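The values are calculated or read from the model by the stated rules, or taken from the named source; none is laboratory data. What you are looking at is a predicted structure, and each value in this text was computed from that prediction instead of being measured. Backbone-built Cβ (ideal geometry, glycine too); neighbour counts: all protein chains shown.
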Amino acid sequence: MQTFTSYDGTTIAYRVWEAPADAPTVVLHHGFASSATGNWVVTGVVDALTAAGRRVVAIDARGHGDSQKHHDPAYYGEDAMARDLVGLFDLLGLDRVDLVGYSMGGVVALVTAAAGRRVRRLVVGGIGASAAEQGGVDRNSLVGAALIEALLTDDPSSISDERALGFRMFAEATGADRKSLAAQARASRHTPIGLARIKVPALVLAGVDDWLATRPHVLSSALPDGRCKVLAGDHLTVVRNPEFAAAIVAFLAD
């Protein structure tokens with residue numbers, strides 16, 4: 001694990017898997033309450049990409065994994081995370097990248113691709129119509145106040161929102177800093193992303209039973225060169241579906 005200091009002094013952790021291929025580096029950004037290891041390593045995505053000869057870089061988002069954990073929402077939001085990504089591109093001298101993001105990381109990837117010209121191909125998973133209609137993760141399916149309360153309460157038995165409870169249980173299972181996650185939940189992005197500016201080929205991946213990635217075709221249709229693939233699984237399990245990694249590898253190699 002390596003680290004760098006981002007634009008506001010936050011320490012950001014990342015990992016690199018080297019490969020001799022001439023193709024652009026694949027950069028991976030994980031989802032909420034997860035990490036580079038949890039989202040990409042244990043699911044087999046990194047192995048699939050390196051087996052295909054690709055150099056891979058995976059970041060731990062601020063507040064997650066081995067990156068610095070603030071408890072002030074002013075340090076968070078997908079725009080801040082997109083700036084961290086650009087800082088990593090600069091650090092590693094990456095002029096062209098293939099960018100892959102999941103859930104929260106999918107929003108970060110969209111923001112990054114819309115704001116710059118370094119992305120050659122884009123894959124986003126775990127998000128659907130909400131990214132086009134709300135500018136972020138679906139706040140209708142997961143109410144922010146319920147999620148924040150579920151993350152901060154000392155009594156998990158008091159959580160009545162089943163979806164918020166699921167994230168609380170996931171955070172505990174991954175050993176996440178719940179106060180950092182609550183700060184990110186308060187700062188999450190819900191303003192238009194500017195999808196029309198993303199001219200590069202883009203793939204939207206979603207689990208058929210993912211309640212946070214409903215109507216993914218709406219997102220792919222909002223992207224000038226977008227396409228959509230729906231796979232077996234829900235928000236937590238689709239990333240472990242071997243077809244998920246295979247779809248990423250095939251699309252980035254096309």
Review point. So which residues in the range 213-230 are within 22 Å of Val45 (Cα to Cα), surrounded by fewer than 21 Cβ atoms within 10 Å (Cβ to Cβ) and in contact (Cβ under 8 Å) with a residue 60 or more places away in the chain, if there are any at all?
Key: none
Review point. Among the residues of the range 115-124, how many are crowded, with 19+ Cβ neighbours inside 10 Å and either more than 17 Å from Arg54 (Cβ to Cβ) or of a type in the set (A, V, I, L, M, F, W, C) (or both)?
Key: 4
**Study point:** Residue list for the range 83-110, restricted to those being buried (at least 24 other Cβ atoms within 10 Å of the Cβ) and either basic (Lys, Arg) or within 19 Å of Ala222 (Cβ to Cβ) (or both)
**Key:** Leu99, Val100, Gly101, Tyr102, Ser103, Met104, Gly105, Gly106, Val107, Val108, Ala109, Leu110
Review point. Yes or no: Thr191 polar (S, T, N, Q) and over 25 Å from Ala36 (Cβ atoms)?
Key: yes
Review point. When you go through Ala146, Ala131, Ala182, Ala114 one by one, which is the residue that is farther than 17 Å from Met81 by Cα and in contact with a helix residue (DSSP H, G or I) (Cβ under 7 Å, 6 or more places away or on another chain)?
Key: Ala146
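Of all residues in the range 193-219 being β-branched (Val, Ile, Thr) and outside any loop (DSSP other than H, G, I, E, B), which is nearest to Val143 (Cα to Cα)? Before the answer, list the steps.
Kept after step one, since they are β-branched (Val, Ile, Thr), are these residues of the range 193-219: 193, 198, 200, 204, 208, 214, 218.
Subset that is outside any loop (DSSP other than H, G, I, E, B): 204, 218.
On the way: Val204: 23, Val218: 21 Å.
Looking at residues that are β-branched (Val, Ile, Thr) and outside any loop (DSSP other than H, G, I, E, B), I get Val218.
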Point to revise | Lone unmet requirement of (1) out of contact with any Leu (no Cβ under 9 Å at 6 or more places or on another chain); (2) assigned to a helix (DSSP H, G or I); (3) closer than 17 Å to Val108 by Cα for His190 | key: (2)
Revision key, fill the gap. Among strands (runs of 3 or more DSSP E) entirely inside the range 54-134, those with 2 or more residues being farther than 18 Å from Ala202 by Cα and in contact with an Asp or Glu (Cβ under 8 Å, 6 or more places away or on another chain) are 56-60
Check your understanding: Ile248 is checked against (1) β-branched (Val, Ile, Thr); (2) assigned to a helix (DSSP H, G or I); (3) in contact with a Ser or Thr (Cβ under 7 Å, 6 or more places away or on another chain) and fails just one. What number does that condition carry?
Key -> (3)
Review point. Taking into account only those residues within the range 135-180 that are polar (S, T, N, Q) and out of contact with any Lys or Arg (no Cβ under 9 Å at 6 or more places or on another chain), which is surrounded by the fewest Cβ atoms within 10 Å (Cβ to Cβ)?
Key: Ser157
Review point. Of the residues Asp72, Asp84, which single one is under 22 Å from Ser188 (Cα atoms), touching a helix residue (DSSP H, G or I) at 6+ places or on another chain (Cβ under 7 Å), acidic (Asp, Glu) and modelled with pLDDT of 95 or more?
Key: Asp72
Check your understanding: Restricting attention to the range 118-145, which residues are of a type in the set (Lys, Arg) and at pLDDT 95 or above?
Key -> Arg118, Arg120, Arg121
Point to revise | Pairs, first farther than 13 Å from Leu92 by Cα and in contact (Cβ under 8 Å) with a residue 40 or more places away in the chain in the range 1-21, second among the aromatic types (Phe, Trp, Tyr) and in a strand (DSSP E or B), C-beta under 6 Å, six or more apart | key: Ile12/Phe4
Revision key, fill the gap. Within the range 56-82, of all residues that are charged (D, E, K, R) and farther than 23 Å from Ala222 by Cα, the one farthest from the chain's Cα centre (by Cα) is Asp72
